[in-house]
Amino acid sequence: MRLDSIPRAGHHGAMLIYKIFRAEEWAALQAQGETRGAPIDLADGFVHFSTAEQASETAAKHFAGVENLTLVACDAQKMGDDLKWEVSRGGALFPHLYRKMRMADVVWAKPLLLENGAHRFPEEMQ
């Protein structure tokens with residue numbers, strides 16, 4: 001069973017979704033408490049997220065070779081009606097947040113390490 005579908009203490013029925021941040025974007029969110037996201041998020045008018053199954057492809061497509069990334073897990077249910085599931089890459093449904101992302105949305109954040117040219121995702125996602 002995937003971590004994003006397991007209820008955990010303090011997160012009853014939590015479904016985790018993921019956002020990858022560059023170092024400066026993550027630092028800005030921590031400092032300001034909220035963000036409209038990366039330049040692509042600003043251009044599209046929503047904050048892009050991925051499911052656990054989509055995150056590695058997102059990293060390979062949009063962050064190939066980029067170091068000093070942070071993977072942020074958020075509780076999708078806490079985002080309420082501001083989170084929409086919409087068709088995107090390959091016809092799959094992706095979570096899109098139509099408000100600022102807040103530090104209060106964050107369940108955990110971990111470094112997304114680059115090893116041998118590929119990002120290594122934390123064990124919590126496996």
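All of the numbers you see were taken from the coordinates with simple rules; none came from a lab. Given the structure is predicted, the values throughout are model-derived calculations rather than measurements. So basically every Cβ, Gly included, is an ideal-geometry build from the backbone, and we count neighbours across all protein chains shown.
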Dimensions (Å) - the chain, Cα atoms, principal axes, largest first: 36, 34, 34
Size of electric dipole in segment 19-60: Cβ of Lys, Arg +1 and of Asp, Glu -1, about Cα centre, debye, nearest 20: 80
Charge dipole of the chain about the Cα centre (unit charges at C-beta), most positive-ward option of Ala60, Trp85, Tyr18: Trp85
Within straight-line cross-link reach of Lys100, lysines at Cα separation under 19 Å, skipping those fewer than 8 residues along the same chain: Lys19, Lys78, Lys84
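Report the extension gain between Gln32 and Val107 in nm, rounded to one decimal, defined as 0.36 nm multiplied by the number of residues separating them, less their alpha carbon distance. All intermediate terms of the calculation are to be shown ahead of the outcome.
Working: separation 75, 0.36 × 75 = 27.00 nm, distance 1.72 nm.
Between Gln32 and Val107, full extension yields 25.3 nm more.
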